[in-house]
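Undergrad: Let me begin by handing over the structure; questions about it come next.
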Amino acid sequence: MTSADPATATAALVDCDVHHLPRHNGVLRDYLPERWRAFADELPGGLRGIVPPARLFDHPDGVNTRLEAIPDDGPAGSDYELMRAQLLDPYRVAVAHLNWGSNSGVANGELAAALCVAENDWCREQWLTATGDERLCAAISVPMHDPEQGAAEIRRAGADPRFVSALLHFHPFNRPLGHPIYEPIFAAAAELDLPIYLHVNGGEHYAGSGPMIGGGSSINYRFEVFMAIAQPTATHLTSMVVHGVFERFPELRVLVAEDGLAWFPAFAARLDSLADVMRRESRWVRRLPSEYLRDHLFLTTQPSEAICGEAGELVPQLLAFEGIERMVCFSSDYPHWDSDAVGYIESVFPKQWHEALFEGNARRALRLPVAAA
């Protein structure tokens, strides 16, 4: 997080992207059914031998998180007290939206579902309850191999109001998210008024995602990943429009995290320019694509493409999409090395945006209670 005076933070801050992790890979073991505990115990690396490795190359500096966020006994994001001291308290965070969600990408669909359930139970017990911190809420890790099973887990975990979104991985079936196979998942999320949460780690790391993020080819450098990171998201949003997800679920919301912002206006303009072609192929494109996006989509700030203290061309570019100021939500991406401080975001975006950007938009996007007067 870039240096900034925490006193500049807005009075009611909602952080839409905060990462929490277990102390070690075996933490989820105790939350698994006996069948899968025994299965993991037989592997040399335990659960480490099950969860797929990240497809990205190591960070050039050896770690992708803030060094001061790493506790003595675990990875960055595994220590609540550090999170409280470094993020929650100094920046007066009112709501921190926790997410992890790497387990849906496991190739064995039954095991992936068991890991997602275990992850949600671990999060509820160890973070939402044991910390006693009412500022914490979380995304549901949704099993994707069997959409009916995913819908059931949304309803099970979503019965707890502290789960405020449904985190989807990008393509366990190598089908984009608008495909009708995912209909049960969208139905369950809409039923519980939960937004779909699309975080970049759903497409950058797991489930055969290397070729997808690389435009159908294997990529070689982290720099290529950072440049192409919004590409899969654009594919899935297009799919959701052309397959009629927003027509069938008119109240469904989608929150996209850690994709940046500069790509979005040009993407929306291109969709509108091709609307007539889309309508010839799909009976579901009844409005301009940009209208669906304006009514259903929210985008987080991190990583913001602007120099600290200078909006540069970013804000004028964003203003090319009418209503963008009601779609952008603050996210720090704590505890990663490129996380964004509140003061930095305040310096980038117009002051008249701040109230909505730091709180109001997120309260409309996530399933949060109405803010006190």
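The values are calculated or read from the model by the stated rules, or taken from the named source; none is laboratory data. Quick caveat, the model's predicted, so the values are computed rather than measured. Methodologically, a virtual Cβ is constructed for each residue, glycine included, from the backbone with ideal geometry; neighbour enumeration extends over all protein chains shown.
Undergrad: Could you tell me whether Leu318 is out of contact with any Cys (no Cβ under 9 Å at 6 or more places or on another chain), closer than 15 Å to Leu261 by Cα and not small (Gly, Ala, Ser)?
TA: Yes, satisfied.
Undergrad: Give me the pairs: first residue in segment 237-257 and under 23 Å from Arg363 (Cβ atoms) and of a type in the set (Phe, Trp, Tyr), second residue at pLDDT 95 or above and assigned to a loop (DSSP other than H, G, I, E, B), beta-carbon distance under 8 Å, and six or more apart or on different chains, which are they?
TA: Phe246/Leu252
Undergrad: Could you please find all residues in segment 13-41 being small (Gly, Ala, Ser) and either surrounded by fewer than 16 Cβ atoms within 10 Å (Cβ to Cβ) or within 18 Å of Leu128 (Cα to Cα) (or both)?
TA: Narrowing segment 13-41 to residues small (Gly, Ala, Ser): 26, 38, 40.
Result: Gly26, Ala38.
Undergrad: Continuing with the same structure: Please go through segment 168-223 and pick out each residue that is charged (D, E, K, R) and either modelled with pLDDT of 65 or more or over 20 Å from His19 (Cα atoms) (or both).
TA: Of everything in segment 168-223, those that are charged (D, E, K, R) and either modelled with pLDDT of 65 or more or over 20 Å from His19 (Cα atoms) (or both) turn out to be Arg175, Glu183, Glu191, Asp193, Arg222.
Undergrad: Within segment 298-313, is there a residue that is in a helix (DSSP H, G or I) and of a type outside the set (A, V, I, L, M, F, W, C)?
TA: First, the residues of segment 298-313 that are in a helix (DSSP H, G or I): none.
No; the residues of segment 298-313 include none that is in a helix (DSSP H, G or I) and of a type outside the set (A, V, I, L, M, F, W, C).
Undergrad: Kindly establish whether Leu56 is over 19 Å from Ala40 (Cβ atoms) and at pLDDT below 90. Before you say what the answer is, go through the steps one by one.
TA: Details: over 19 Å from Ala40 (Cβ atoms): yes; at pLDDT below 90: yes.
It is true that Leu56 is over 19 Å from Ala40 (Cβ atoms) and at pLDDT below 90.
Undergrad: Right, something else. It is to be established whether one or more residues within segment 133-140 are in contact with an Asp or Glu (Cβ under 8 Å, 6 or more places away or on another chain) and either acidic (Asp, Glu) or under 29 Å from Met83 (Cβ atoms) (or both).
TA: As a first pass, look at segment 133-140 and keep what is in contact with an Asp or Glu (Cβ under 8 Å, 6 or more places away or on another chain): 140.
So of that shortlist, the ones also either acidic (Asp, Glu) or under 29 Å from Met83 (Cβ atoms) (or both) come out as 140.
Yes; the residues of segment 133-140 include at least one that is in contact with an Asp or Glu (Cβ under 8 Å, 6 or more places away or on another chain) and either acidic (Asp, Glu) or under 29 Å from Met83 (Cβ atoms) (or both).
Undergrad: If you don't mind, another one. Kindly indicate whether Phe170 is part of a loop (DSSP other than H, G, I, E, B), on the phi < 0 side of the Ramachandran plot and buried (at least 22 other Cβ atoms within 10 Å of the Cβ).
TA: Taking the combined requirement at face value, the residue satisfies it.
Undergrad: Among the helices (runs of 4 or more DSSP H) confined wholly to segment 227-283, which include 3 or more residues that are buried (at least 18 other Cβ atoms within 10 Å of the Cβ) and among the β-branched types (Val, Ile, Thr)?
TA: 231-242
Undergrad: Does at least one position in segment 235-253 carry a residue that is within 21 Å of Val315 (Cβ to Cβ) and touching a helix residue (DSSP H, G or I) at 6+ places or on another chain (Cβ under 8 Å)?
TA: no
Conditions tested, residue by residue: (1) within 20 Å of Ile185 (Cβ to Cβ); (2) more than 22 Å from the chain's Cα centre (by Cα); (3) among the hydrophobic types (A, V, I, L, M, F, W, C).
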{"site": "Phe246", "(1), (2), (3)": "yes, no, yes"}
{"site": "Pro250", "(1), (2), (3)": "yes, no, no"}
{"site": "Val254", "(1), (2), (3)": "yes, no, yes"}
{"site": "Trp263", "(1), (2), (3)": "no, no, yes"}
{"site": "Met278", "(1), (2), (3)": "no, yes, yes"}
{"site": "Glu281", "(1), (2), (3)": "no, yes, no"}
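Undergrad: Quick check on segment 270-277. Is at least one of its residues within 30 Å of His97 (Cα to Cα) and out of contact with any strand residue (DSSP E or B) (no Cβ under 6 Å at 6 or more places or on another chain)?
TA: Of all residues in segment 270-277, those within 30 Å of His97 (Cα to Cα) come to none.
No; the residues of segment 270-277 include none that is within 30 Å of His97 (Cα to Cα) and out of contact with any strand residue (DSSP E or B) (no Cβ under 6 Å at 6 or more places or on another chain).
Undergrad: Look through segment 153-167, keep the residues that are crowded, with 17+ Cβ neighbours inside 10 Å and not charged (D, E, K, R), and return whichever of them is nearest to Leu368 (Cα to Cα).
TA: The qualifying residue nearest to Leu368 (Cα to Cα) is Val164.
Yes or no, residue by residue, for (1) within 22 Å of the chain's Cα centre (by Cα); (2) buried (at least 19 other Cβ atoms within 10 Å of the Cβ); (3) within 27 Å of Arg162 (Cβ to Cβ); (4) modelled with pLDDT of 95 or more:
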| residue | (1), (2), (3), (4) |
| --- | --- |
| Arg286 | no, no, no, yes |
| Ser304 | yes, yes, no, no |
| Gly312 | no, no, no, no |
| Asp340 | yes, yes, yes, no |
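Undergrad: State whether the residues of segment 86-108 include one that is of a type in the set (Phe, Trp, Tyr), crowded, with 22+ Cβ neighbours inside 10 Å, over 18 Å from the mean Cα position of the chain (by Cα) and at pLDDT below 95.
TA: Let us first name the residues in segment 86-108 that are of a type in the set (Phe, Trp, Tyr), namely 91, 100.
Subset that is crowded, with 22+ Cβ neighbours inside 10 Å: 91.
Those left that are additionally over 18 Å from the mean Cα position of the chain (by Cα): 91.
Still in the list and also at pLDDT below 95: 91.
Checked segment 86-108: at least one residue is of a type in the set (Phe, Trp, Tyr), crowded, with 22+ Cβ neighbours inside 10 Å, over 18 Å from the mean Cα position of the chain (by Cα) and at pLDDT below 95.
Undergrad: Could you list, in sequence order, the residues of segment 267-283 that are touching a residue at least 24 places away in the same chain (Cβ under 8 Å) and either polar (S, T, N, Q) or under 24 Å from Met227 (Cβ atoms) (or both)?
TA: Across segment 267-283, the qualifying residues are Phe267, Ala268, Ala269, Leu271, Ser282.
Undergrad: Any idea which residue in segment 129-145 is nearest to the chain's Cα centre (by Cα), counting only those that are surrounded by 21 or more Cβ atoms within 10 Å (Cβ to Cβ) and not in a loop (DSSP other than H, G, I, E, B)?
TA: Among those that are surrounded by 21 or more Cβ atoms within 10 Å (Cβ to Cβ) and not in a loop (DSSP other than H, G, I, E, B), it is Ala139.
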